[in-house]
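The values are calculated or read from the model by the stated rules, or taken from the named source; none is laboratory data. This is a predicted model, so every value here is computed, not measured. Heads up, the Cβs are rebuilt from the backbone with ideal geometry, glycines too, and the neighbour counts pull from every protein chain shown. Side chains are part of the model used for accessible areas, which takes the heavy atoms of the whole protein and leaves out ligands, DNA and RNA. Shrake-Rupley method; radii C 1.70, N 1.55, O 1.52, S 1.80 Å.
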Amino acid sequence: MQKAGPLALVALFVFALAFAFVPTGPRGEAAQVGAQLQGVRLALYPARDEGAVWTFAAGEVRSDPLTNVTQLTQLSRGERLVRGRDAAGHYTGRQTLDATLSTPELTIDAQDDLLTPRARITLVRECADLTLTGTAGRPVRIEQGTGFSAPAAVIDSPNLNGRINDLQMSFQFDLLHTSEDSNYQLAIDPTETCRDGKRVPI
């Protein structure tokens, strides 16, 4: 299954087309529309993050064509891949694993942003593991083309460790915002480095 921004699920297209002509109820209220699939593999090509591809394996996918919102549950793994280009800027077909995402549930909104109550993200090039926690009013948010944010995060990496509150970070591991009560350390003399997605002693 593929999903191209803004939120077009190829495998759900037939369902959306079928539900587009569902009649309204006897009092004029709109009938409930949408699609539900089980045991789905999903690929998301966000329009605001050209060259990136998100892939997911989900036990259940619910899509609402009226709101352009898709909900995934029973996720086994999510991945962010970056498509390679040649010297002329054309895609080569090669893909590099950039990040992994672990979370029990996920919502893809109409802007292709990813929302979840909590998540674990690994940035492969930095060997950085981030445990992100949201709140009822402010979930963990992965914004396409920008990065991710969360009310609270615990980071474990060769160069940065600790707890960060009100985190905003880019996919390139740049800290965009933190609150003053955060407690983290930058390694001045790191004992490890990241090589091919693995920590190795310096």
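Which residues, counting only those in segment 67-88, are closer than 13 Å to residue 39 by Cα and among the aliphatic types (A, V, I, L, M)? Answer for segment 67-88, where residues must be closer than 13 Å to residue 39 by Cα and among the aliphatic types (A, V, I, L, M): 72, 75. What's the number of the condition residue 74 fails, among (1) on the phi > 0 side of the Ramachandran plot; (2) part of a loop (DSSP other than H, G, I, E, B)? For residue 74, the exception is condition (2).
Here residue 186 meets the list (1) over 28 Å from residue 50 (Cα atoms); (2) open to solvent by 70 Å² or more (accessible area, probe 1.4 Å); (3) among the aliphatic types (A, V, I, L, M); (4) in contact with a Ser or Thr (Cβ under 7 Å, 6 or more places away or on another chain) almost entirely, failing just condition (4). Screening 77, 48 for residues that are closer than 28 Å to residue 133 by Cβ, in contact (Cβ under 8 Å) with a residue 60 or more places away in the chain and open to solvent by 80 Å² or more (accessible area, probe 1.4 Å) leaves exactly one candidate, 48.
For segment 135-144, which residues satisfy the criterion of being open to solvent by 10 Å² or more (accessible area, probe 1.4 Å) and under 16 Å from residue 121 (Cβ atoms)? Scanning segment 135-144 gives 139, 141, 143. At pLDDT below 95, touching a Leu at 6+ places or on another chain (Cβ under 9 Å) and outside any strand (DSSP E or B): which single residue out of 30, 18, 87 fits that description? 30 is the lone residue from the list that is at pLDDT below 95, touching a Leu at 6+ places or on another chain (Cβ under 9 Å) and outside any strand (DSSP E or B). If you check 130, 97 for being open to solvent by 40 Å² or more (accessible area, probe 1.4 Å) and under 14 Å from residue 172 (Cα atoms), only one passes: 97.
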